[in-house]
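Report on one structure; see the data block that follows.
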Amino acid sequence: GSTLQAAAAESGRYFGTAIAASRLNDSTYTTIANREFNMITAENEMKMDALEPNQNQFNWSSGDRIVNWARQSGKQVRGHALAWHAQQPGWMQNMSGTALRNAMLNHITQVATYYRGKIHSWDVVNEAFADGNSGGRRDSNLQRTGGDWIEAAFRAARAADPNAKLCYNDYNTDNWSHAKTQGVYNMVRDFKARGVPIDCVGFQAHFNSGNPVPSNYHTTLQNFADLGVDVQITELDIEGSGSSQAQQYQGVVQACLSVARCTGITVWGVRDTDSWRASGTPLLFDGSGNKKAAYTSVLNQL
Ligand code: XIL
C-alpha cells in the first residue's frame, strides 16, 4: 500500500487519526486526512463537556461535523469518550453520589443511543487508573460514586448500542512491568470472568523521552489480547525527530502487527502543528504537510 490506510488494510487493520472540527476547512489538512486514514476519532468534540454542556441538554453539532465528515468519506469512527474524570461540563464537575452516577449513566445512554450504528468502538471509560506504583484507581468524582462505576458504564453502553465495540482506554499502560498496566489488566481479567461487557483495550501511547516506547510492548499487548479482548493503539504520538523518532514509531507498529488481536493504530493528529502538545514535533507530517521520516518508517513497517 502507498498510504497508511492501504498498508494497514493489507493485514486487516485500520490506521486512524484524531480530527479537530475546527480544521475541517483547511484543505491541506483534509487532503492528508482523507488520503491516509480510515478511522477517525474526534479530538474533543464527543467528550462529555462538548455533548452535554447543560444537564440533559445535548449539543450534537460539533460531534456530528466529525462523524458526518468521516462517514461521507467512507471512514469509520471511534467514539471518544463516554465517561472520564476530565473535560466534564461544569455542572457535572461538582456533582457527587447517586446524582452523579445517574447523570453519568444518562449521558452514556443518550450519547450511545444517538450515535448507535455509526460507531466502530467506544472508549467507554477513559483514564480511570492512577499513575505511580499503587496499581489502583484514580481518585475522581466518578470513582467516589463507588468502585463499580466502570462496569456500570460498560453495561449502560452495551444496552444503548449493542453493536459497538466497548473499550477501556488509558495512558502509561504500555510497559508490562508498570503497576498501572497490571491494575488495568486485573480489571479486564475480572470483567471477562464476570461477564462485564468489554471488547477492547485502548493504549493511548503518548510517548516522550521520560516515557519511551517500552521494549516489552509486544508482551503487554499480547497479554491483554490473551484475556479475550481486542487491543488498539488509540492516541499515538512520540516526541522527538529524525531517525530516532522514526525508529520508535516503527517499534510501535511492529508490536501491534505481532499481535493478531491488535486491530488498529490511531495517531493523535495529522501534522506536528495540529498536535495537542504545546511544543515539539510528535506526529507523522510536518507543519507544511510533508511526510516525515517517521511516516516512511511506519509505512514500510505496515
Ligand atoms: C486532548 C486534546 O488533544 C486537547 O486538544 C485537549 O485540550 C485535551 O485533550 N488523553 C485523551 C485525549 O484521552 O482525549 C486527550 O486529548 C489527550 C490525552
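Key figures for this structure:
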read-out	value
Crossing angle, helix 242-257 versus the chain [Cα axis fit, 0-90 degrees, rounded to tens]	60 degrees
Antiparallel bridges, percent of DSSP beta bridges restricted to the chain (to nearest 5)	10 percent
Neighbour net charge for Asp170 - beta-carbon separation under 13 angstrom, K R +1, D E -1	-2
For the chain, the Rg and Dmax computed from alpha carbons only, in angstrom	18.2, 52
Alpha carbon centroid spacing (whole Å) that separates region 1-37 from region 59-134	22 Å
Cys262 long-range amide H proximity, modeled H, under 5 Å	Val231
Label point at Asn68 placed 7 Å out along Cα→Cβ; residues across region 25-53 whose backbone nitrogen lies under 17 Å	25-26, 42, 45-46, 51
On Cα atoms only, tilt of 179-194 relative to the major axis of the chain in degrees	60 degrees
Cα-Cα P(r), region 1-115, percent of pairs per 10 Å interval	13, 40, 27, 15, 4, 0
FRET efficiency, Trp60 to Ala86 (Cβ-Cβ, R0 30 Å, nearest 0.05)	0.90
Relative contact order of region 131-225, pairs being alpha-carbon contacts under 8 Å that are 6 or more residues apart, as %	34 percent
Residue pairs, from the table Lys118/Lys291; Lys47/Lys180; Lys47/Lys118, whose Cα atoms sit over 19 Å apart	Lys118/Lys291; Lys47/Lys180
Relative contact order (percent, whole number), region 31-190, Cα cutoff 8 Å, 6+ residue spacing	22 percent
Accessible area in the full protein assembly, largest first, 1.4 Å probe, for Trp149, Trp84, Trp91, Trp276	Trp276, Trp91, Trp84, Trp149
Computed over the chain: relative contact order in percent, which uses C-alpha pairs under 8 Å that are six or more apart	16 percent
Net charge over other residues, Cβ less than 15 angstrom from the Cβ of Gly147 (K, R count +1; D, E count -1)	+2
Local net charge near Phe285, Cβ-Cβ under 13 Å (Lys/Arg +1, Asp/Glu -1)	-1
Principal-axis tilt of helix 61-72 within the chain, Cα atoms, nearest 10 degrees	50 degrees
Whole-angstrom gap from region 218-245 to region 166-188, using each part's C-alpha centre	12 Å
Partner aspartates and glutamates for Lys165 [C-alpha distance under 12 Å; skip if fewer than 8 residues away on the same chain]	Asp123, Asp199, Asp230
Potential extension, Ser209-Asp26 segment - 0.36 nm per residue separation minus Cα distance	62.7 nm
Separation in nanometres of the label points that stand 7 Å from Cα toward Cβ, at Asn106 and Asn290	5.3 nm
Cα centre as origin, Lys/Arg/Asp/Glu Cβ charges: the chain dipole, Debye	520 debye
Within the chain, helix-based [θ] at 222 nm, where runs of 4 or more DSSP H residues each add -39,500 (n - 2.57), nearest 500	-11500 deg cm²/dmol
Cα shape, region 34-182, gyration tensor, a/c 1.5 rule	oblate
Order of exposure, largest accessible area first, which applies to Glu45, Glu239 with probe 1.4 Å	Glu239, Glu45
Contour minus Cα-Cα distance for Ser258 and Thr219 (0.36 nm per residue)	13.1 nm
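The values are calculated or read from the model by the stated rules, or taken from the named source; none is laboratory data. Just so we're clear, the structure is a prediction, and the values are computed from it rather than from any experiment. Using ideal geometry, Cβ is built from the backbone for each residue, glycine included, and neighbour counts are taken over all protein chains shown. Quick note on the areas: whole protein, heavy atoms, side chains included, nothing else; ligands and nucleic acids left out. Shrake-Rupley method; radii C 1.70, N 1.55, O 1.52, S 1.80 Å.
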